[in-house]
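The values are calculated or read from the model by the stated rules, or taken from the named source; none is laboratory data. Remember, it's a predicted structure, so these values are computed and weren't measured experimentally. Don't worry about glycine lacking a Cβ; one is built from the backbone with ideal geometry, like all the others, and counts go over all protein chains shown. Side chains are part of the model used for accessible areas, which takes the heavy atoms of the whole protein and leaves out ligands, DNA and RNA. Shrake-Rupley method; radii C 1.70, N 1.55, O 1.52, S 1.80 Å.
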Amino acid sequence: MKIRISCLFLCLLVSTAHSNEDVDDEAYVETVEQPVIDVQYQSPTIADTRKVYLAEHFDDPVQVQKRWIKSQAKKEGIEEDIAKYDGEWEVEQAGRDALRGDSGLVLKSKAKHAAIAAALDRPFVFKDKPLVVQYEVLLQDGQECGGAYLKLLSDSPPASRNLALFHDKTPYTIMFGPDKCGNDHKLHFIFRHRNPVNGTVEEKHCQKPKERLEEYFSDKLPHLYTLILRPDNTFEVMVDRKTVNSGSLLEDFVPPVNPPKEIDDAEDKKPEDWDEREKIPDPAASKPSDWDEDAPPQIVDESAVKPDGWLDDEPTHLPDADAVKPADWDSEMDGEWEPPLVENPLCADAVGCGPWEPPLINNPAFKGKWRPPMIDNPNYKGKWRPRKIPNPDYFEDKAPFKMATVSAVGFELWSMSQDILFDNIIITEEIAIAEMWAADTFDKKRQKIAKDSESVVQRLANLTNDYPALWGVYILVLAIPVVFLLYLCCKPSSSASQIQEKEELQEAAEKKKTDEMTEDVDEETNEEIEAEVETEANDEDQEKNSEPDSEEDNENVELGMPMLCLLSQPVAYETKYDEVIQSAPHNASRIYCPL
């Protein structure tokens, strides 16, 4: 077995060495020692600028400073010390997993009002082209309470002409993006609709998406938010290219774009004789003569008998004899001290203690207060509702897509979390352009994050795909413990007789090495032993030609008769052999066994 295992181990070594000959040693060493290669990033560009209204990657701090204007305005209706937009904005890379050369617009401060805006390359007019708004948000510290949404500002002076005056009351056309406070997670899509009849403007809020949004606020990863608004009044909201909400501008907003044709008449009042009761008590019913309203719900069980062994004179609780009044007890303040009560030990094994009272049972005569049965109301006229009248403010806008022209984009925020990073804003009329922009920016970010978070097993798998000869190394590494276990399991074990024989030989050898006194064996004894051996040899020759042994002889052999050794040199015999020679010298087999 040892030879077989050794051969197997040598074969594995030879096959592994042969398979590794095909691998370039230098390339292999470089691949193992080289760190994860950074994903190559280059600031994205737009091939057809005619279909793009804003493309901001924030990679050029000089251009960002020229284009983006920090607000110098103040919020209205709040205290002076917190009304100013003094939140800090910086252009910098993400704190972790950043692509080389990629920067973003970061809101550095928290618990402060912050506003910043940039003009579009040219205004977007809602006519026959779709509107695609897309940008990235990275909540580097998560989000406790606050927004990360952007506003598409309406093309109306003076704010659109002077972005330094941008504030919370600045007219906007669309507000889009994430918002959270407490356990309320939102993804806003709000547009401001102008009433064509009276010219008033009203916010229309998209219904909340059915998808769960909590993860986007807590995983501290960049997320891509996309809004697609089409001329057929349909919309689609996506997060990381996955649709989370969609519908129609005419049907999925609150309040609805178009008011109802009819409304309730505010001057209509319910008549005094209008009966809305569907059921009424039966006026012809009367209480039965045997109906006792005063009967109690429970009565004493007259058939109950006090159980035997009830201890009437023993209270259920006794004062604790071991209790001691506290040293700080003030009788004037705390009252007269009394020891606490403990359960009476005599009641533990008794049926009961104290005065016995019969139990209560339900009263069969109890019926409660009598009430007449209910019947259909013959005067029922149904639920009263005011009459409908034509809605004087009714209008029908079949194209709510045609919103106010957009000329700028901005962030007007307040947040309890800092270091919110915004990146790669694009406003276009082509979905394909927005997808290409995301492929050059967002996809590379997620690709790098995935590479940096790869496990060791995944990296080994990728390396093995490049160098298949590494399979030989894996097989060798796995084979070594397997071969070792096989060796341990298949290793031949010595029998008990072999172990005993080795011990006896070791003991005899130790005696030869020492100077202990040993019994002499005289020449006569040696001559007798030699004669016996010669006789035994003759007996063996006769035994070979004789008939098979009887069952009794076989039993003697199976019992393990002692074996005597004839030694060429006089040495001491072990005690048990001497005993055997003296007791049964003719029944013992004698052979030569040199030590």
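Meeting the requirement of 3 or more residues that are touching a Phe, Trp or Tyr at 6+ places or on another chain (Cβ under 7 Å) and of a type in the set (D, E, K, R), no strands (runs of 3 or more DSSP E) wholly within segment 299-374 can be named. If you scan segment 33-49, which residues turn out to be out of contact with any strand residue (DSSP E or B) (no Cβ under 9 Å at 6 or more places or on another chain) and either modelled with pLDDT under 85 or surrounded by 12 or more Cβ atoms within 10 Å (Cβ to Cβ) (or both)? Listed by number, the residues that qualify are 33, 34, 35, 36, 37, 38, 39, 41, 42, 43. For residue 299, are the conditions met, namely being closer than 30 Å to residue 383 by Cβ and out of contact with any Gly (no Cβ under 9 Å at 6 or more places or on another chain)? It is false that residue 299 is closer than 30 Å to residue 383 by Cβ and out of contact with any Gly (no Cβ under 9 Å at 6 or more places or on another chain).
Before we move on, is residue 167 touching a residue at least 24 places away in the same chain (Cβ under 8 Å), outside any strand (DSSP E or B), in contact with a Phe, Trp or Tyr (Cβ under 8 Å, 6 or more places away or on another chain) and of a type outside the set (Val, Ile, Thr)? In short, yes. Of all residues in segment 439-453, none satisfies being open to solvent by less than 50 Å² (accessible area, probe 1.4 Å), modelled with pLDDT of 90 or more, within 22 Å of residue 49 (Cβ to Cβ) and touching a Ser or Thr at 6+ places or on another chain (Cβ under 7 Å).
The condition of being aliphatic (A, V, I, L, M), open to solvent by less than 80 Å² (accessible area, probe 1.4 Å) and at pLDDT 90 or above holds for only one of 360, 311, that being 311. Of 349, 376, 397, all but one fail to be loosely packed, with under 12 Cβ neighbours inside 10 Å and either at pLDDT 90 or above or in contact with a His (Cβ under 6 Å, 6 or more places away or on another chain) (or both); the exception is 376. Only residues that are under 22 Å from residue 156 (Cα atoms) and either free of Cβ contacts under 8 Å to residues at least 40 places away in the same chain or open to solvent by 80 Å² or more (accessible area, probe 1.4 Å) (or both) were counted across segment 198-212, and they come to 6. Checking each residue in segment 270-285 for being surrounded by 10 or more Cβ atoms within 10 Å (Cβ to Cβ) and either assigned to a loop (DSSP other than H, G, I, E, B) or more than 59 Å from the chain's Cα centre (by Cα) (or both) picks out 270, 274, 275, 276, 277, 278, 281, 282, 285.
Selection over segment 479-498 of residues that are part of a helix (DSSP H, G or I), loosely packed, with under 11 Cβ neighbours inside 10 Å and modelled with pLDDT under 80 gives a count of 6.
Looking at 186, 204, can you tell me which residue is more than 30 Å from residue 72 (Cβ to Cβ), at pLDDT 90 or above, basic (Lys, Arg) and not in a loop (DSSP other than H, G, I, E, B)? None of the other options fit; the residue is 204.
Rundown of residues vs (1) in a strand (DSSP E or B); (2) open to solvent by less than 20 Å² (accessible area, probe 1.4 Å); (3) touching a residue at least 40 places away in the same chain (Cβ under 8 Å), yes/no style:
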{"site": "227", "(1), (2), (3)": "yes, yes, yes"}
{"site": "235", "(1), (2), (3)": "yes, yes, yes"}
{"site": "243", "(1), (2), (3)": "yes, no, no"}
{"site": "266", "(1), (2), (3)": "no, no, yes"}
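Every residue in segment 175-199 that is of a type in the set (A, V, I, L, M, F, W, C) and closer than 24 Å to residue 246 by Cα, please. Correct list: 175, 176, 181, 187, 189, 190, 191.
Look at (1) touching a strand residue (DSSP E or B) at 6+ places or on another chain (Cβ under 6 Å); (2) under 30 Å from residue 296 (Cα atoms) and you find that residue 356 fails only one, number (1). Restricted to strands (runs of 3 or more DSSP E) entirely inside segment 71-146, those with at least 1 residues that are of a type outside the set (Gly, Ala, Ser) and either touching a Cys at 6+ places or on another chain (Cβ under 7 Å) or open to solvent by 80 Å² or more (accessible area, probe 1.4 Å) (or both) are 89-92, 113-124.
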